[in-house]
Amino acid sequence: MATYNRISARRGQDVNLDATFYLGGQPADPYAIYRVEIFRGSVASENIVDVITISAPDSSEYPSPLIRQPDSDAGDAICPTPMGGACEDVTGGTDSDEGRFRLVWTVPDDAVVPDVYFDVWYFYSSDPGGALSASTDELLNKCNRFWVYPEGWYVDGGLSTVNFGFEPLNIKFNKPERKPLEVGIMPLPLYDYDYNLVAPLIPYLVSTISIWTDSGEPVISNAPCTIGTRQGAFRSNPWVIKYMINTCNFFNGTYRYRVQVALPDGTTRVSGDFFFTVS
């Protein structure tokens, strides 16, 4: 059975619902994660799909059925060679699993799709004293979302060609930043595309990025990217292509890049040349 992420969950398959807890800006474990509730469409009692109860914090099984996760960016946290300035001392991510949890949820075979689902995590920040079930009024909660699509089948009738436009969302990086470079991916024509044709494609898109110096020397070739959502109310073009940039691995200067998207039918869409600077 395949396992998917938040942007591409499938009916009848497992989806990784990752959540990182922060205290004062640093990853930290709450006293206890109590339960996770899954909703479809909106967070309302009539839309609840599943309730996952977490084992007690004093149990040897805690946080089952949750799984602890190391920092996925830890391997890119430290510059492999000094590039000068403050970057020499940057530690960035960590391989610690502090505050990082994953719920592997099996999407029901009869789930309504395509639709947006919500996972609401309930937790205690500190020991409430006594039985946890008697102190539910002290629970904190955080709501996340994910998208569920039909099973792995995608059917192309061959009549329409799907086209995408690309919009660079990052132009300048300052050392010692580590942040995603994002490129908006926009179905065309922007305000008149067939949503029912394009939306089922999103989980199947495979995106990569290539980066060159301003003088054309290759820096990164066909590195894998991820698909995410765009911040803000962009209902007609809500998706972005994301690639983590660790500025410690770049000299100061201007860089040229392109992103490429592979579709299920074997065709590709490639952006024009975009630029960003590191200083």
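The values are calculated or read from the model by the stated rules, or taken from the named source; none is laboratory data. These numbers were taken from a predicted model, which means no experiment stands behind them. For neighbour counting, all protein chains shown are included, and Cβ atoms are generated from backbone atoms with ideal geometry for every residue, glycine included.
Here the condition is being part of a loop (DSSP other than H, G, I, E, B) and closer than 24 Å to residue 110 by Cα; of 65, 30, 57, it holds for 65 alone. Whether any residue in the range 138-155 is without any contact (Cβ under 8 Å) to a residue 60 or more places away in the chain and touching a Leu at 6+ places or on another chain (Cβ under 8 Å) is what I want to check. Scanning the range 138-155, I find no residue that is without any contact (Cβ under 8 Å) to a residue 60 or more places away in the chain and touching a Leu at 6+ places or on another chain (Cβ under 8 Å), so the answer is no. For the range 116-171, taking the residues that are in a loop (DSSP other than H, G, I, E, B) and aromatic (Phe, Trp, Tyr), the one that is surrounded by the most Cβ atoms within 10 Å (Cβ to Cβ) is identified as 154. Is the range 200-219 home to any residue that is free of Cβ contacts under 8 Å to residues at least 40 places away in the same chain, assigned to a strand (DSSP E or B) and surrounded by 15 or more Cβ atoms within 10 Å (Cβ to Cβ)? Yes, there is a match, as at least one residue in the range 200-219 is free of Cβ contacts under 8 Å to residues at least 40 places away in the same chain, assigned to a strand (DSSP E or B) and surrounded by 15 or more Cβ atoms within 10 Å (Cβ to Cβ).
Given the structure, is residue 175 closer than 30 Å to residue 277 by Cβ and over 19 Å from the mean Cα position of the chain (by Cα)? Even if it seems obvious, please write down each step before you answer.
Numbers: closer than 30 Å to residue 277 by Cβ: yes; over 19 Å from the mean Cα position of the chain (by Cα): yes.
Yes: the conditions hold for residue 175.
The set of residues from the range 45-62 being touching a residue at least 24 places away in the same chain (Cβ under 8 Å) and closer than 18 Å to residue 136 by Cα comprises 52, 56, 57. When residues of the range 172-199 are filtered for being in a strand (DSSP E or B), within 19 Å of residue 246 (Cα to Cα) and of a type outside the set (Phe, Trp, Tyr), how many remain? Residues meeting the conditions: 7.
Does residue 140 meet the test of being under 26 Å from the mean Cα position of the chain (by Cα), hydrophobic (A, V, I, L, M, F, W, C), farther than 26 Å from residue 8 by Cα and modelled with pLDDT of 95 or more?
Values: under 26 Å from the mean Cα position of the chain (by Cα): yes; hydrophobic (A, V, I, L, M, F, W, C): yes; farther than 26 Å from residue 8 by Cα: yes; modelled with pLDDT of 95 or more: yes.
Considered against the rule, which asks whether it is under 26 Å from the mean Cα position of the chain (by Cα), hydrophobic (A, V, I, L, M, F, W, C), farther than 26 Å from residue 8 by Cα and modelled with pLDDT of 95 or more, residue 140 comes out as yes.
Of all residues in the range 223-253, those satisfying the criterion of being at pLDDT below 85 and small (Gly, Ala, Ser) are 232, 233, 236.
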